[in-house]
Amino acid sequence: MSKVNFATELRWYFTQACRKVLEDDEIFDPKKYGAAGRDAVRDFVKQKIMVCGSDGKV
């Protein structure tokens with residue numbers, strides 16, 4: 001068993017995605033930029049699961 005920390009990277013991906021959405025001055029709904037942040041984190045986590053060889057494991 002191994003422990004790997006990705007918290008800083010998760011926050012970075014979430015923040016970058018939110019900032020990109022917030023560049024549009026019309027956006028003020030947290031659901032919009034929050035969804036973008038969650039999507040970016042999800043994609044990052046999927047990538048790290050593959051890199052760590054943990055795909056398909058429970």
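The values are calculated or read from the model by the stated rules, or taken from the named source; none is laboratory data. Everything quoted here is computed from the prediction, not taken from an experiment. Methodologically, a virtual Cβ is constructed for each residue, glycine included, from the backbone with ideal geometry; neighbour enumeration extends over all protein chains shown.
Quick one: count up the residues across the range 10-47 that are at pLDDT below 95 and within 25 Å of residue 57 (Cα to Cα).
3
Which residues, taken from the range 38-47, are out of contact with any Leu (no Cβ under 8 Å at 6 or more places or on another chain) and surrounded by 13 or more Cβ atoms within 10 Å (Cβ to Cβ)?
38, 39, 40
Listed here are the residues, each with its yes/no results for (1) without any contact (Cβ under 8 Å) to a residue 12 or more places away in the chain; (2) in contact with a Gly (Cβ under 6 Å, 6 or more places away or on another chain); (3) surrounded by fewer than 13 Cβ atoms within 10 Å (Cβ to Cβ).
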| site | (1), (2), (3) |
| --- | --- |
| 10 | no, no, no |
| 21 | no, no, no |
| 25 | yes, no, yes |
| 31 | yes, no, yes |
| 36 | no, no, no |
| 49 | yes, no, no |
